[in-house]
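Student: Sharing a structure, written as structure tokens. Questions coming.
No value in this document is a laboratory result; all are computed from the given coordinates. Since we're looking at a predicted model, the values are computed, not measured. Cβ coordinates were reconstructed from backbone atoms using ideal geometry, including for glycine residues, and neighbour counts include every protein chain displayed.
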Amino acid sequence: MTQDELKLAVAQAAIAYVVEGEIVGVGTGSTANFFIDELAKIKHKVKAAVASSEATAERLRGHGITVLDLNDVSSMPVYIDGADEITPHGAMIKGGGAALTREKIVASVADKFICIADGSKLVEMLGKFPLPVEVIPMSHAVVARKLNAMGGEARLRLKDGKPLLTDNGNMILDVHGLQIADPVALEAEINNIVGVVTVGLFARHGANVCLLGTPEGVKTLT
Ligand code: 5RP
């Protein structure tokens, strides 16, 4: 099976977690896009969606799905999103698509985080995938120095030769070379650096369920 076939399989499996008549939180990325396309097939059964990025909002609206502002929503049963890496305990690295801050905010309002990922994303220890950190633009150099002092190698993410700007107008530092033995502690430590908006570690609140696409079928990790 191709990686896209595995992503489609987990996106289809995630539909079973969508609660009829309720609001669904929707992530960002290629796996989330497969999920949005599946959600479109049952759109009459959901009340509305909350999007974790402008790109996701646009795709949802393109399918005729109502997108609500998070400020108008106080709860939702599930948030469904992909990951760049996930451990068997549900700790994740996210932000490969630069949407980590909005993803973490929307996920914080949901009762459950359902992670959908192809099998290549499952790791014993996080850190091979460079850890994204969203920073206030004026602070990228000082934050990079602090992350380097912690043993990583922070690189400013570029797009077309210029610093990439997130939906929030901030920049992303990708931290290479970390071996993250204690993701909960590192999440707190990096979030405490002045200038950091959000670190792409989702460990204190990780995934409640992971639907993992494998050639043998979709495996459910809880
Ligand atoms: C975006 C994310 C994505 O969930 C993550 O990058 C995985 O993406 P994909 O499904 O394309 O592999 O965190 O910010």
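Student: Mind putting a number on the dipole of the chain about its Cα centre? Charges go on the C-beta only, +1 for Lys and Arg and -1 for Asp and Glu, and I need it in Debye to the nearest 20.
Tutor: For this selection, approximately 240 debye.
Student: Name the residues whose placed amide hydrogens come within less than 5 Å of the amide hydrogen of residue 111, ignoring near sequence neighbours (fewer than 5 apart) on the same chain.
Tutor: 76, 78
Student: Oh, and also: From the phi angles alone, apply the Karplus equation (6.51, -1.76, 1.60; θ = phi - 60°) to the stretch 115-128 and give each ³J(HN,Hα) in whole Hz, x where the residue is Gly or Pro.
Tutor: Once θ is set to phi - 60°, the couplings for the stretch 115-128 become 8, 10, 8, 6, x, 5, 7, 7, 9, 7, 10, 6, x, 5 Hz.
Student: Still on this structure, I have one more. Looking at 168, 29, 221, which one has the Cα that reaches farthest to the positive end of the dipole of the chain (charges on Cβ: Lys, Arg +1; Asp, Glu -1)?
Tutor: Farthest along the dipole direction, towards plus: 168.
Student: Under 13 Å Cα-Cα from residue 45, which aspartates and glutamates qualify once same-chain neighbours fewer than 8 residues away are excluded?
Tutor: Partners found: 20, 22.
Student: Residues with amide H under 5 Å of residue 155's amide H, sequence separation 5 or more or different chain, H placed in the peptide plane at 1.01 Å from N; which?
Tutor: Here the answer is 174, 175, 176, since their amide H atoms fall under 5 Å of that of residue 155.
Student: Near the amide H of residue 198, under 5 Å away, which other amide H atoms are found, from residues 5 or more places off or on another chain, if H is placed in the peptide plane?
Tutor: Under 5 Å from the amide H of residue 198: 134.
Student: Let me ask you something else. Looking at the chain, send over the antiparallel percent of its DSSP beta bridges, to the nearest 5.
Tutor: The antiparallel proportion sits near 55 percent.
Student: While we're on this one: Quick one: Karplus J couplings for the stretch 197-207, per residue in order, coefficients 6.51, -1.76, 1.60, θ = phi - 60°, nearest Hz, x for Gly and Pro?
Tutor: Along the stretch 197-207, the couplings run 8, 7, 9, x, 8, 10, 10, 4, 10, x, 6 Hz.
Student: Sort 59, 102, 145, 155 so the one with the fewest other Cβ atoms within 10 Å of its own Cβ comes first.
Tutor: Fewest-to-most Cβ neighbours within 10 Å comes out as 145, 155, 59, 102.
Student: Then there's this: For the stretch 33-50, take each phi angle, set θ = phi - 60°, evaluate the Karplus expression 6.51 cos²θ - 1.76 cosθ + 1.60, and give the result in whole Hz per residue in order, putting x for glycine and proline.
Tutor: Listing the rounded values in order: 5, 4, 5, 4, 5, 6, 4, 4, 6, 10, 4, 5, 8, 10, 6, 5, 10, 10 Hz.
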